[in-house]
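Student: Mind having a look at this structure? Questions to follow.
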């Protein structure tokens, strides 16, 4: 029972995630005949448009499986230039992702200025800034961005209900 | 003589107002992001990349190079004053810079760091000017087999830089190679992995991927992390001293050690400035002239570390310009400017577009003068930027990431890609999966596939050219050795133990 539990506990989410990536790579490799249109059935293997992507997918799957095997033990992350997210609060990150997704959906309908203003206000509220700071930040930033990108750099966000 | 001609040609290319302005803005932005908490040159360069679309290639490159070099200088400010390195490569500066500042010598420490970084930057630019052309003419003899092997060698080196995470790095590199193939195949016009989505016919663009992986992911981390606390009592003492500016020249040995390691390691793919600064720091300890113990405010520690740190930039650009192989994420994104403007970095660039090469060389030289000038004028108010709340900066980066990726093609498709890769970047970071190899794989994937297909097409599918051409064979042997070195070492150790 103990052995089973310890084995199960080693299947951490990152190993499952790596497994999912490897599995997807194998699936794409397998279904390449349908995913490359038209598939070069008659081409020599070395002239085929499928050669390089299939090789790349094999690297993904194979290296992923080795990494999963290596991660059965806890690994210390060394000093690198990669992003360190160890202190990040996942819930806060998810709420910001949701807010950003809504912002992406809102821009074509509500216009850049109004959507950015609302997104910044919501963002400040999520980050628990006080009301005065939030208002000041949201208005100043959104108006500055709108002036710089829409008015000066002429980025066109399409026709919307508001500006 | 050729070098002087190239330099004067480059200087005249920079003398137009938009390019000079881009250089100045890049340098100023670089210094600022070096000081700002949580924002590094990678994030800034990724977010700025879409805005270089409308600029002349040299203007865009100068802007990003300014950010790249400026951040090296800016990172020293927070290392010395608040014991928080702006960059991983500024950690070694902190070891002796902060104790010096605590002893009431903050101005001396800052001056030492800036002048050492300046010497490093100038030396690396000169190195680029002297080495790049001969290296390019050598690389010009490369055929398809050598191109394939050079990219594979770079890929293996990048993977090995992640030590125990080698398989994860190779996995991400493979993913990058794969993503580079999505879209219409330029040789056969077949649609590859487009899933019927019209936007994907032109492939997965590099710009929003870079914005997502490096800009948005970092922003999401910044908004969801607690605000770091630090001792801000020394910020008021920021300033410079003229005596401190001249002091690095009293330690020529430490300076040379830093210059040598910084330039040499800068050329190697993925090793990065952090390793060169730590090696230079420990090397400078041997035979140090100043009697102060290292870690307690020895000026030679700052000189060696900062010289090594800033001399990386020229070395890193050598492989980009001569081989078209980026050494790290930042140079990969800078290479994106070339890609965006349809310029292929590599040996042919030296003959086809010499103004770009000369411009990069002159930019790297001038940027260091501009940065030093800006620092002399603004170091006092600059240090106060360390107070800025990183959560506010995170929100600003998200909004800039949105408009940046949108404006690259006036398309929401780009924003969606950036957002998806932003979330991926966060998930990968949480799972301790490296993302830099993915972007490097995407950048090198096209060239690797084109060279591989060219070689196999010519040889009717035979792999013989890889072993019959001497340079290709040498690189193949290097790859095998790098891959199997740990096993060989373990085997010899086991044999020795048995003998004992």
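The values are calculated or read from the model by the stated rules, or taken from the named source; none is laboratory data. The model shown is predicted, which means the values in this text are computed figures rather than measured ones. Positions of Cβ are backbone-derived with ideal geometry, glycine not excepted, and every protein chain shown enters the neighbour counts.
Residue-wise test of (1) closer than 30 Å to residue B:223 by Cβ; (2) surrounded by 14 or more Cβ atoms within 10 Å (Cβ to Cβ).
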residue	(1), (2)
B:415	yes, yes
B:426	yes, yes
B:434	yes, yes
B:462	no, no
B:479	no, yes
B:487	no, no
B:494	no, no
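Student: Also, quick follow-up: Give the residues of region B:163-186 that are facing chain A (nearest Cβ under 7 Å) and part of a loop (DSSP other than H, G, I, E, B), sorted by residue number.
Tutor: B:185
Student: Now a separate question. Kindly indicate the residue of region B:394-413 that is buried (at least 22 other Cβ atoms within 10 Å of the Cβ) and over 30 Å from residue B:198 (Cα atoms) and also nearest to the other protein chains (Cβ to nearest Cβ) among those meeting that condition.
Tutor: For region B:394-413, the residue satisfying everything is B:395.
Student: Do we find that residue A:10 is out of contact with any strand residue (DSSP E or B) (no Cβ under 6 Å at 6 or more places or on another chain) and either facing another protein chain (nearest Cβ under 10 Å) or at pLDDT 95 or above (or both) in this structure?
Tutor: no
Student: Okay, moving on. Return yes when residue A:125 is part of a helix (DSSP H, G or I), touching a helix residue (DSSP H, G or I) at 6+ places or on another chain (Cβ under 7 Å) and within 23 Å of residue B:423 (Cβ to Cβ) and no when it is not. Lay out the reasoning, then the answer.
Tutor: Values: part of a helix (DSSP H, G or I): yes; touching a helix residue (DSSP H, G or I) at 6+ places or on another chain (Cβ under 7 Å): yes; within 23 Å of residue B:423 (Cβ to Cβ): yes.
So residue A:125 passes the test.
Condition check ((1) within 30 Å of residue A:22 (Cα to Cα); (2) within 22 Å of the chain's Cα centre (by Cα)) across all residues:
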residue: B:83; (1), (2): no, no
residue: B:86; (1), (2): no, yes
residue: B:95; (1), (2): no, no
residue: B:114; (1), (2): no, yes
residue: B:120; (1), (2): no, yes
residue: B:134; (1), (2): no, no
residue: B:154; (1), (2): yes, yes
residue: B:160; (1), (2): yes, yes
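Student: What do you reckon, is residue A:82 part of a helix (DSSP H, G or I) and within 9 Å of another protein chain (Cβ to nearest Cβ)?
Tutor: Judged against the criteria, residue A:82 is not a match.
Student: Return only the number of the condition from (1) in a helix (DSSP H, G or I); (2) out of contact with any strand residue (DSSP E or B) (no Cβ under 9 Å at 6 or more places or on another chain) that residue B:200 does not satisfy.
Tutor: Single failed check for residue B:200: (2).
Student: Of all residues in region A:13-47, how many are touching a strand residue (DSSP E or B) at 6+ places or on another chain (Cβ under 9 Å) and in a loop (DSSP other than H, G, I, E, B)?
Tutor: So the count comes out to 1.
Student: Just give me the residues in region A:150-159 being within 27 Å of the chain's Cα centre (by Cα) and at pLDDT below 90, in sequence order.
Tutor: A:155, A:156, A:157, A:158, listed by residue number.
Student: I'd like the full set of residues that are free of Cβ contacts under 8 Å to residues at least 24 places away in the same chain and under 28 Å from the mean Cα position of the chain (by Cα), limited to region B:451-483. Talk me through it step by step, then tell me what you get.
Tutor: Taking region B:451-483 first, the residues free of Cβ contacts under 8 Å to residues at least 24 places away in the same chain are B:456-457, B:459-464, B:467-468, B:470, B:473-474, B:477, B:480-481.
Within region B:451-483, B:474, B:477, B:480, B:481 meet the criteria.
Student: Then there's this: Any residue in region A:47-65 that is more than 8 Å from every other protein chain (Cβ to nearest Cβ), surrounded by fewer than 18 Cβ atoms within 10 Å (Cβ to Cβ) and at pLDDT below 95?
Tutor: no
Student: So which residues in region A:142-163 are over 19 Å from residue B:50 (Cβ atoms) and either facing another protein chain (nearest Cβ under 9 Å) or assigned to a helix (DSSP H, G or I) (or both)?
Tutor: Within region A:142-163, A:142, A:143 meet the criteria.
Student: Just for region A:85-122: of the residues that are more than 9 Å from chain B (Cβ to nearest Cβ), free of Cβ contacts under 8 Å to residues at least 40 places away in the same chain and over 20 Å from the mean Cα position of the chain (by Cα), which one is nearest to residue B:417 (Cα to Cα)?
Tutor: Among residues in region A:85-122 that are more than 9 Å from chain B (Cβ to nearest Cβ), free of Cβ contacts under 8 Å to residues at least 40 places away in the same chain and over 20 Å from the mean Cα position of the chain (by Cα), the one nearest to residue B:417 (Cα to Cα) is A:115.
Student: Before we move on, is residue B:11 buried (at least 19 other Cβ atoms within 10 Å of the Cβ) and in a helix (DSSP H, G or I)?
Tutor: Answer is no for this residue.
Student: Name the one entry in B:8, B:13 that is in contact with a helix residue (DSSP H, G or I) (Cβ under 9 Å, 6 or more places away or on another chain), modelled with pLDDT of 85 or more and under 23 Å from residue B:374 (Cβ atoms).
Tutor: Of the residues listed, the single one that is in contact with a helix residue (DSSP H, G or I) (Cβ under 9 Å, 6 or more places away or on another chain), modelled with pLDDT of 85 or more and under 23 Å from residue B:374 (Cβ atoms) is B:13.
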